[in-house]
Amino acid sequence: MTTLAQLQARIDELETENNTLKYDAGFGILTRGGLEIEARKLTGDLYAVFVDLDGIHALNEKLGSYEAVDALVRKAFSMRRDDLVLAISGKWKSGDEVLFIVRADPDGFIARLHSDLAANGLSAMAAYARIEDNNLFAAVKVAAKQVAAEKIARGITAR
């Protein structure tokens, strides 16, 4: 027979495992799954800020390791934790696309993010869309399409 203490120990173990799986240690942010879970808890006027980091593959080659690049990204993104508009952030697609969900002033947020990235030798393209009717995916689709159009306009192709 399973005791209440054993059940609680198992719940604690699963919570720890769940939290570990929701977190991307490399960038110091949530995984996409973790972001989707946490985003369901958010309410109010929100914006999806889609960010595509520039030249990550080339930077990996230049610096010689993924860990070195991850440390730069982690440092730039850690500055955003202090940004009062930041609600949540997480990896979104193939690893160099990140989603931030902010409560207000997405233009100001993007400007501060660009500044923090530049201070760490990084750059990115970013766009945002308002999250309407709690439909995160629709907002991400709009913002990602804007980033893709900007990349095409600048003659940047995926590597």
Which loop trypsin sites (Lys or Arg not before Pro) in the range 1-86, with loop taken from DSSP, have no more than 12 other Cβ atoms within 10 angstrom of their Cβ? 40, 41, 81
Report the per residue volume, in Å³, of the convex hull enclosing the C-alpha atoms of the chain. 144 Å³
Among the listed pairs 75/151; 91/145; 75/141, those beyond 19 Å (Cα-Cα): 75/151; 75/141
In degrees, nearest 10, range 0 to 90: what is the angle between the Cα axis of helix 136-153 and the longest Cα principal axis of the chain? 30 degrees
Quick check: net charge around residue 22, other residues with Cβ under 13 Å of its Cβ, Lys/Arg +1 and Asp/Glu -1? -1
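None of the figures in this text is laboratory data; all of them are computed from the coordinates on show. Since the model is a prediction, treat every value here as computed from it, not as a measurement. Ideal geometry is used to build each Cβ from the backbone, glycine not excepted, and the neighbour counts take in all protein chains shown.
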